[in-house]
Amino acid sequence: MEKFGKSQSIRRVEDVRFLTGHGRYVDDIAPENALRAFVFRAPVAHGVITTLDVSDAREAEGVHAVLTIDDLEAAGMDVNMYAATVKNHDGTPGAAPKRPLLAKGKMRFVGEPVAFVVAETLDQARDAAELILLDYDDLPAKMDVTAGGAPVHDDVPDNQAFDWAMGDEAATDAAFKSAARTVSLDVGDNRIIVNSLEPRGCFAEWDGNRVHVSLGGQGVWGQKEFIAKALGLEEADVRVTTPDVGGGFGMKGFPYPEYALAAHAARLAGRPVRWMSERTEAMLSDNAGRDLVSTAEFAFDETNRIIAYRVHTRCNLGAYNSHFGQFIQSQLFSRVMMGVYDVQKTWLRVEGIYTNTTYVDAYRGAGRPEAIYVLERLMDRAARELGVDPIALRRRNFIKPEQFPYDTTVGETYDVGDFNKVLDRAVQEAALSGFEARKKADAERGLLRGVGLCYYIESILGDPSEGAKVTFNEDGTVTIYVGTQSTGQGHETVFAAFLADQTGIPAEMISVVQGDSDLIASGGGTGGSRSVTVQTNATLATVSAMTEDFSAFLADEMGVPASEISFDDERFRADGSNLTPTMLEVAEMARAKGRDDLLVHEARATLPARSFPNGCHVSEVVIDPETGVVTVERYTVVDDFGNLINPMLAEGQVHGGVAQGIGQAITEHVVYDADGQLLTASFMDYALPRADDIPTISFTSEPVPSTANIMGMKGCGEAGTVGALAAVANAVQDALWERGVRQADMPFTPHKVWELLNSEVLAAE
């Protein structure tokens, strides 16, 4: 990888300020004179608003504004948030109910924004909210993910948002009819809450007719479009910035009502307005993840080769279509539906159901964890029912190296892969040859040990194009402007180091600017494991343009044609010339001659195709049958991320993703009661994984460089979670199998596992 990156484990430059308390998050940089906002939220999951009287709240001490939906409409705002839709299987449009910035006529989930209160202090805003008179007629809450029930939206009588499908249903059905053996499994994928370290927040301030909104997000351009639309402004009159962000996980990539509300309130008050979510508020109002159930089926021939795969999934969309919700839960799910297996007949059906819960998006992987979890749970079940070794069954069905590039039945083309090579390394690194001995030793202590494997594949998603701009500053430093957005991944280190590798400019002289719609014309933001691959591709294009421009300038200085000048990643050289200037030296030469046009270089580049990170996760769990406690004791990851720029940061990404996966598998679970009240609305009731829940994670890189981009990279941002869910779940199922437990779904809490182990005793009682 010498040409495109040194693949060095460089420590993150960001960590100094983060670890010493010098990070600049949105609540740190809000204007000192900003008013404080508080959101008055729906107390019930489903109800018709009969009275909303905010007159007393408006008269309360310190209050500057109390906004309702009527106020927004009177001000001429576009109160409907745009959202994604998909077509049904029969070609008819899916449901597209309106989603207002504030509840309009009806409340559809607990925590839905009803009024926006702005006061001098946060305490005053809270006190004023207590004076709001809200009366409503209760309606039945819709909480299950089947069609029917009390309509969440009047124009969607059966609560079915869409019924989308992909594949060849007839051919798949025929393959199942002719199969030597079929295997099916119902798979639940429990709902989880993001709970980023820093909750959502924003502030808004006006300069004449122009508004600046600063928010913690994953890209500024979608937010800019949303705010401009809501306020009826030209996009040029909206500036959106994003400072340091304490975690995003997909959840912060979406528009939310509070950002437009703060901007409008600041316009009315003539002063900046700031809003910051509290933790319980975030649990009620942030886009959540997962919450779907699937029935998955394999059809095998007599040699245990998979000839067809069929999946029917029902997913919870919450009360409204989110910005990407339907799209994520359907089309993106399908992109890795087939995983790493050579299957020719597939059928996928996804039903989206509205419920009286908050919006649900497949964050932390945009459909990849869901698809791989279903597939690999089914593969594990198939191995048990067929009586074959699960590793051997996977090998039997892998796409072989000579089959690449491989066109899947759902329209994706995998460019390259060597899945057996990665699996071999995983078996070695996980020391699976010693598993039976470890299991026997645990059994002698009355414990159950299980091993689970997941071979995953995912795809880089999002906009394949990106831009980069490089400026040479008067003080001798260099700035690179990027269209992605770090939410804690270490982009400042990666992008500076990569530019340094390509130009010879010392990394410590390079600063990275991101998250400012005034300084960066466009960008795709961060999500779908796209950032490093698309941004470095754009950087290469910019460096190429810069090298060409500098060579043309140096032709006169060096006395040779530009075509004879070369750049070796450190210096420009030409036969017959003693000049060997660096990039920085050429920039200073250009500045001295008044060539300011050579001090700014920018380019856009588009990836020609997607790349497909893949890898193998192996988990070993130990279960205490007396208490039901599940301990993830060993965890091994072997990944094919292609070429790595910074292996240490890639490993850190994997560790974080695995921790998320273990959290969902063992501890995390969202619980609503029958009336739609969130019962897990604090860390007293919602269990994020703790340090002692996470074992030492072994990480090994086994790269097969991608052919889909010049860097040979594949992306890694979400890979840890994509593989972790099924690896841990399969390990738990393995441990419970010998006790007769045949259906085990996440989360594997002590209570649930104990009940599974004692189901016969409980039934007898």
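Numbers at a glance
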{"item": "Theoretical FRET efficiency, 1/(1+(r/R0)^6), r = Cβ-Cβ of E474 and H751, R0 45 Å, to 0.05", "result": "0.10"}
{"item": "Cα→Cβ-extended label distance, 7 Å offset, between K400 and D138, nm", "result": "6.5 nm"}
{"item": "Loop trypsin sites (Lys or Arg not before Pro), segment 198-272, which have at most 11 other Cβ atoms in a 10 Å radius of their Cβ (DSSP)", "result": "none"}
{"item": "Loop-located chymotrypsin sites (Phe, Trp or Tyr not before Pro) in segment 131-164 whose Cβ has at most 16 other Cβ within 10 Å (DSSP)", "result": "none"}
{"item": "Exposure of S706 as accessible area (Å², to 10), given a probe of 1.4 Å and all protein chains", "result": "10 Å²"}
{"item": "Rounded to 5, the percent of DSSP beta bridges in the chain classed as antiparallel", "result": "80 percent"}
{"item": "Cα gyration tensor, segment 1-127 - rounded (a/c under 1.5), prolate or oblate", "result": "oblate"}
{"item": "Cα→Cβ-extended label distance, 7 Å offset, between R126 and T50, nm", "result": "3.1 nm"}
{"item": "Protection proxy ranking of 408-421, 637-650, 602-615 - average other beta-carbon atoms within 10 Å, highest first", "result": "637-650, 602-615, 408-421"}
{"item": "Surface per residue (accessible, 1.4 Å probe) for segment 101-149, Å²", "result": "40 Å²"}
{"item": "Å² of accessible area per residue within segment 533-633, as computed with a 1.4 Å probe and no ligands counted", "result": "44 Å²"}
{"item": "Qualifying GluC sites (Glu not before Pro) for segment 447-490 [loop in DSSP, other Cβ within 10 Å: at most 15]", "result": "E474"}
{"item": "Accessible-area composition of segment 71-121, carbon plus sulfur, in percent [1.4 Å probe]", "result": "50 percent"}
{"item": "FRET efficiency, N88 to D685 (Cβ-Cβ, R0 41 Å, nearest 0.05)", "result": "0.65"}
{"item": "Dipole of segment 619-758, positive direction: furthest Cα of Q664, T631, G642, with charges on the beta-carbon", "result": "G642"}
{"item": "Flagged links, alpha-carbon separation over 30 Å, of K87/K229; K142/K177; K104/K224; K252/K400; K224/K469; K345/K752", "result": "K142/K177; K252/K400; K345/K752"}
{"item": "Paramagnetic reach from S184 (point 7 Å along Cα→Cβ, amide N under 18 Å) across segment 724-753", "result": "742-744"}
{"item": "Most positive-pole-ward Cα, L453, G490, Q514, against dipole of segment 409-534 from beta carbon charges", "result": "L453"}
{"item": "Label zone at E61, where the point sits 7 Å out along the Cα-to-Cβ direction: segment 35-51 residues whose backbone N lies under 19 Å", "result": "35-38"}
{"item": "Using θ = phi - 60° and Karplus 6.51 cos²θ - 1.76 cosθ + 1.60, couplings along segment 179-187 (whole Hz; Gly, Pro as x)", "result": "5, 6, 7, 10, 9, 10, 7, 8, 10"}
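The values are calculated or read from the model by the stated rules, or taken from the named source; none is laboratory data. All figures in this text were calculated on a predicted structure; none of them were measured in a lab. Methodologically, a virtual Cβ is constructed for each residue, glycine included, from the backbone with ideal geometry; neighbour enumeration extends over all protein chains shown. The accessibility values were calculated without ligands, DNA or RNA, using every heavy atom of the protein model including side chains. Shrake-Rupley method; radii C 1.70, N 1.55, O 1.52, S 1.80 Å.
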